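The values are calculated or read from the model by the stated rules, or taken from the named source; none is laboratory data. Bear in mind the structure is a predicted one, so any value in this text is a computation, not a measurement. Cβ atoms come from the backbone with ideal geometry, glycine included; neighbour counts cover every protein chain shown.
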Amino acid sequence: MREIYALNDQTISQIAAGEIIENPASIIKELVENAIDANADRISIRLSDNLLDEIRIADNGDGIEKSQITKAFSRHATSKLRTISDLDRITSLGFRGEALASIANISQMECVTKTAESDFAYRFTVEKGVVSRGKPVGAPVGTTMIVRDIFYNTPVRKKFLNTTTKEIRRIVEVVELLALSHQDVSIHLSRNQKTLLHSKVSDDKINHIYSILGKDIAKNLLPISFDTESYKIEGFIGNNLLHRATPDREFLFVNGRGVKNSDIARAIRKVYRSLIPLNHYPVYVLYITIDPILIDVNIHPQKQTIRLSNENQLTTILERLAGEKLLPKREIPSIDALNEDTKKAEAPVPEKTIFELSRERKIEREKPKAPAFDFSDRVPLAAEDKKVYGDKTEPSLPESSPDTERIDSESGAEAPGKVQPLDVSLYQFLAVVFKTYVLFENKRDHRVLVVDQHAAHERILYEAYSKKIRERAVATQLLLAPITMHLSPEEMHAVETHMADYERLGIYPEVFGEQDIVIREVPEHILIDDFRQFFLDSIHLLNEGVNVKEQNIYKIMRLACRSAIKAGDTIYEEEAYALLEELNDADTPFTCPHGRPTMIHVEKRAFEKLFLREGL
């Protein structure tokens, strides 16, 4: 064995600094958190052209006593806690006492600070962790931290920084998170005298969010609130028109700290499945107040991730709150051509003109039409897709998606609350364009409804199949040759534990010995060639925590997609009306199972702008 050496203090400090300070954004996060903990309500962040040259952060907080400065820049020195038991009730943003020491070890620092009781402000310089004697200077109450020549003594860290543009984006994201967490603090971020972000103090949370995230997000947020002895939840979730390709607009704050928690994120995303496009993420800003003893914030060097006690209870509450608020507030997207990015964006269309005030009885149309087709029973299958399976023909099915996080359970849940439907009698069929988009005119509201025939039919079929599962009315088929499988003890335990879930879906595995099962019938809606392999894969997913219902829902999506009318298929006027009526009766009519829009409104003013007739 090699000889063991004790590391010197400088090496220990460099290693610690590397864990805390990864980039300029890390410096800003730690210093701004210290300013907020010092009761500042105005914070200014100024960046140099070259981010590593200088970062200047000034606040109007309590300041630091002259006698405390040396301790403030020492490792593991903090005013936030005294004993290990204090970790159970952390309410401040910082608490480890590592931030200033870590920053000082990878840069050259200057600190100007004044308390309300002091006659003067004092200026200190810190180099290689050594604090100079303070010199009296003139400055207001508060603290200004100047960080220069960042990573001058750690060139490896400098080498692995991203481009300036990406580092600035990272800084903006950090400041957004800090600004959103405190509506009573104004934060101004600038570079080269150009403002990058300026949050405004406001008693109204939505106005505060507007100043940080902008109008496009603020106008599409829905408020939620919940209050018990254990939790206080308030904040906003985006409607179905608001979503992003990345999860960087999912903001979660627990006791004022911006954090990440995968279980909470997954619970909220579940509500949006099939309401927003697949592989897109919802937008939300949630504030949770909870007893600090139920939180562990000490599991990440930068305090970005937390662990919660009774986590399942909280995720269930959040999922229910989001569902109750979102599902009745879904909207049809409306195109307003040439006006998406103008300075004076149009206000959202009032809800009463999107969802008609009431659904009246269907009336006879102006001319007689053939009986409407029942689209839920129309399941065209290409001849080449049909294969013999048992005593029936079964189409082949593509492999299931690996993205199980986006395929959460719905098949076993209650159907979502229905939105107030369109008054179909107001819509007159115009045409089908590109053999894909069905056009209807609403003369009363001066708009054209455009329906994607494939997405619409896909939604209709998806809900029909899901309803059969919810009502335990899954049709099954007997196999000519029963499937026998020999399982490992672990696999056998998984099957026996989830037997009721399998039976609910129309799969009936029978125990046939200590480690053998036999399957004599399978559900009609699971259309695959090798059911043996499907069932084995299902057992393995159970062991990875993916329950039976979550596995099954993607199969329903794919079946609905394969069975639906395709883009390019010809449909006629009678079928177009029937399609609209069937879609209007769906629980979630405005998106297909993958979250794409089934219909959009095009306002009359959009055409007027295209032809320069606006105002005539």
Check your understanding: In region 200-257, which residues are among the small types (Gly, Ala, Ser), under 20 Å from Leu326 (Cβ atoms) and not in a helix (DSSP H, G or I)?
Key -> Ser225, Gly235, Gly238, Ala245
Review point. Only one of (1) closer than 20 Å to Leu51 by Cα; (2) touching a Leu at 6+ places or on another chain (Cβ under 8 Å); (3) not aromatic (Phe, Trp, Tyr) is not met by Arg170, so which one is it?
Key: (2)
Exercise for review: Could you figure out which of (1) loosely packed, with under 15 Cβ neighbours inside 10 Å; (2) at pLDDT 85 or above; (3) part of a helix (DSSP H, G or I) isn't true of Ser85?
Suggested key: (2)
Point to revise | Among residues of region 130-173, those that are over 28 Å from Leu197 (Cβ atoms), exposed (fewer than 13 other Cβ atoms within 10 Å of the Cβ) and in contact with a strand residue (DSSP E or B) (Cβ under 9 Å, 6 or more places away or on another chain), counted | key: 4
**Study point:** Val474 more than 23 Å from Gly568 (Cβ to Cβ) and surrounded by 14 or more Cβ atoms within 10 Å (Cβ to Cβ)
**Key:** yes
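Would it be correct to say that Leu612 is in a loop (DSSP other than H, G, I, E, B) and either without any contact (Cβ under 8 Å) to a residue 12 or more places away in the chain or hydrophobic (A, V, I, L, M, F, W, C) (or both)?
Details: in a loop (DSSP other than H, G, I, E, B): yes; either without any contact (Cβ under 8 Å) to a residue 12 or more places away in the chain or hydrophobic (A, V, I, L, M, F, W, C) (or both): yes.
Considered against the rule, which asks whether it is in a loop (DSSP other than H, G, I, E, B) and either without any contact (Cβ under 8 Å) to a residue 12 or more places away in the chain or hydrophobic (A, V, I, L, M, F, W, C) (or both), Leu612 comes out as yes.
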**Study point:** Among the residues listed as Leu221, Leu252, the single one being in contact with a Lys or Arg (Cβ under 8 Å, 6 or more places away or on another chain), in the same structural domain as Thr315 (by TED's automatic domain parsing) and either charged (D, E, K, R) or within 26 Å of Thr316 (Cβ to Cβ) (or both)
**Key:** Leu252
Study note, to complete from the structure: Residue hits (region 500-521; within 16 Å of Leu541 (Cβ to Cβ) and either among the hydroxyl-bearing types (Ser, Thr, Tyr) or over 33 Å from the mean Cα position of the chain (by Cα) (or both)) are Tyr502, Ile507, Pro509
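Among the residues of region 265-281, is any under 26 Å from Glu33 (Cα atoms) and outside the structural domain of Ala179 (by TED's automatic domain parsing)? Spell out how you get there, then give the answer.
From region 265-281, those under 26 Å from Glu33 (Cα atoms) are 265; that's our starting set.
Okay, now just the ones that are also outside the structural domain of Ala179 (by TED's automatic domain parsing), so 265.
Yes; the residues of region 265-281 include at least one that is under 26 Å from Glu33 (Cα atoms) and outside the structural domain of Ala179 (by TED's automatic domain parsing).
So is Arg123 surrounded by 17 or more Cβ atoms within 10 Å (Cβ to Cβ), without any contact (Cβ under 8 Å) to a residue 24 or more places away in the chain and either assigned by TED's automatic domain parsing to the domain that holds Glu33 or in a strand (DSSP E or B) (or both) or not? Working first, answer last.
Numbers: surrounded by 17 or more Cβ atoms within 10 Å (Cβ to Cβ): yes; without any contact (Cβ under 8 Å) to a residue 24 or more places away in the chain: yes; either assigned by TED's automatic domain parsing to the domain that holds Glu33 or in a strand (DSSP E or B) (or both): yes.
Against the criterion (surrounded by 17 or more Cβ atoms within 10 Å (Cβ to Cβ), without any contact (Cβ under 8 Å) to a residue 24 or more places away in the chain and either assigned by TED's automatic domain parsing to the domain that holds Glu33 or in a strand (DSSP E or B) (or both)), Arg123 qualifies.
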Check your understanding: Tell me, which strands (runs of 3 or more DSSP E) wholly within region 423-469 include 3 or more residues that are in contact with a strand residue (DSSP E or B) (Cβ under 8 Å, 6 or more places away or on another chain), at pLDDT below 90 and more than 17 Å from Pro333 (Cα to Cα)?
Key -> none
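Kindly evaluate Phe151 against the criterion of being in contact (Cβ under 8 Å) with a residue 24 or more places away in the chain and in a strand (DSSP E or B). Please lay out each step first, then the result.
On the way: in contact (Cβ under 8 Å) with a residue 24 or more places away in the chain: yes; in a strand (DSSP E or B): no.
Criteria not met by Phe151.
Could you list, in sequence order, all residues of region 115-124 that are farther than 14 Å from Ala72 by Cβ and of a type outside the set (A, V, I, L, M, F, W, C)? Full working, then the answer.
We begin by selecting, within region 115-124, every residue farther than 14 Å from Ala72 by Cβ; these are 116-121, 123.
Within region 115-124, Glu117, Ser118, Asp119, Arg123 qualify.
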Review point. Scanning region 239-271 for residues that are acidic (Asp, Glu) and free of Cβ contacts under 8 Å to residues at least 60 places away in the same chain, which turns out farthest from Leu222 (Cα to Cα)?
Key: Asp263
Review point. So which pairs qualify, if the first residue must be in region 516-535 and over 17 Å from Leu505 (Cβ atoms) and in a strand (DSSP E or B), the second must be modelled with pLDDT of 80 or more and of a type in the set (Asp, Glu), the Cβ gap must be under 8 Å, and the two must be at least 6 apart or on different chains?
Key: Val518/Glu510
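Scan region 171-219 for residues that are among the basic types (Lys, Arg), more than 21 Å from Leu286 (Cα to Cα) and in contact (Cβ under 8 Å) with a residue 60 or more places away in the chain and report the count. Walk me through it before giving the result.
Step one: filter region 171-219 for residues among the basic types (Lys, Arg), giving 191, 194, 200, 205, 215, 219.
Going one step further and asking which of them are more than 21 Å from Leu286 (Cα to Cα), we end up with 191, 194.
With the extra rule that they be in contact (Cβ under 8 Å) with a residue 60 or more places away in the chain, the set shrinks to 191.
So the answer is 1.
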**Study point:** Selection from region 189-216 of residues that are loosely packed, with under 13 Cβ neighbours inside 10 Å and of a type in the set (S, T, N, Q)
**Key:** Asn192, Gln193, Thr195
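Every residue, every condition in (1) within 14 Å of Leu422 (Cβ to Cβ); (2) outside the structural domain of Thr436 (by TED's automatic domain parsing), yes or no:
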site: Ala578; (1), (2): no, no
site: Glu581; (1), (2): yes, no
site: Asp585; (1), (2): yes, no
site: Pro589; (1), (2): yes, no
site: Pro593; (1), (2): no, no
site: Arg596; (1), (2): no, no
site: Met599; (1), (2): yes, no
site: Val602; (1), (2): no, no
site: Glu614; (1), (2): no, yes
Point to revise | Inter-residue pairs, beta-carbon under 7 Å, first assigned by TED's automatic domain parsing to the domain that holds Phe531 and part of a helix (DSSP H, G or I) and in region 484-504, second exposed (fewer than 12 other Cβ atoms within 10 Å of the Cβ) and of a type outside the set (A, V, I, L, M), 6+ apart | key: Glu490/Asn543; Ala494/Asn543; Arg504/Arg472
